[in-house]
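Working notes, beginning with the structure itself.
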Amino acid sequence: MKLSEVKTILGNLDTIAFQLPNGTLVPNHFHVTEVGKITKHFIDCGGTVRNEEVVNFQLWDSDDYDHRLHPEKLVHIIELSEKILEIGDLEIEVEYQGETIQKFGLDFDGANFLLSTKQTDCLAREKCGIQEEKPKVKLSQLQGASNNCCAPDSGCC
């Protein structure tokens, strides 16, 4: 999800809720302790130089049970960050403390912001000799397949 989408959604909300991939909600007294621009300049395993930029939200909660972050306050924090850090309309990554600092993607289901799992990947599969995995399909799943497809005079061969 891009930063502009989050700002639009926040403009239509009365409260903010973040839902973890397991379905539980981040406690509603969370803080957004950071809004930042993360720049990653790296070389992949195939030798290609890459640059990636994302907007980072860091969520944190403690025993401050009276605290509630309202949508308009988060919009203000985002707009200040855009101006001072020169943040463009980038994809958002969310950090939240689990057993260690976890990084999530961000979606929205109409009520809650959804923290979605992220995966590592090889960016140079062709140079590493990694074949793309071919989908495994049962013959019975092929279009037009039936139990008698290879019967004599069926025309399948």
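The values are calculated or read from the model by the stated rules, or taken from the named source; none is laboratory data. Bear in mind the structure is a predicted one, so any value in this text is a computation, not a measurement. Positions of Cβ are backbone-derived with ideal geometry, glycine not excepted, and every protein chain shown enters the neighbour counts.
Observations
- Candidates Glu82, Glu93: the one that is of a type in the set (Asp, Glu) and in contact with a Lys or Arg (Cβ under 7 Å, 6 or more places away or on another chain) is Glu93.
- Restricting attention to the range 44-87, the residues that are within 23 Å of the chain's Cα centre (by Cα) and among the hydroxyl-bearing types (Ser, Thr, Tyr) total 1.
- Considered as a group, the residues in the range 25-57 that are of a type in the set (S, T, N, Q) and at pLDDT 95 or above include one that is farthest from Cys122 (Cα to Cα), and that residue is Asn56.
- Contact map, the range 97-118: residues that are of a type in the set (Lys, Arg) paired with residues that are surrounded by 10 or more Cβ atoms within 10 Å (Cβ to Cβ) and modelled with pLDDT of 95 or more, Cβ distance under 8 Å, separation 6+ or inter-chain. Pairs shown: Lys103/Glu93; Lys103/Val94; Lys103/Glu95; Lys118/Glu93; Lys118/Lys103; Lys118/Phe104; Lys118/Gly105.
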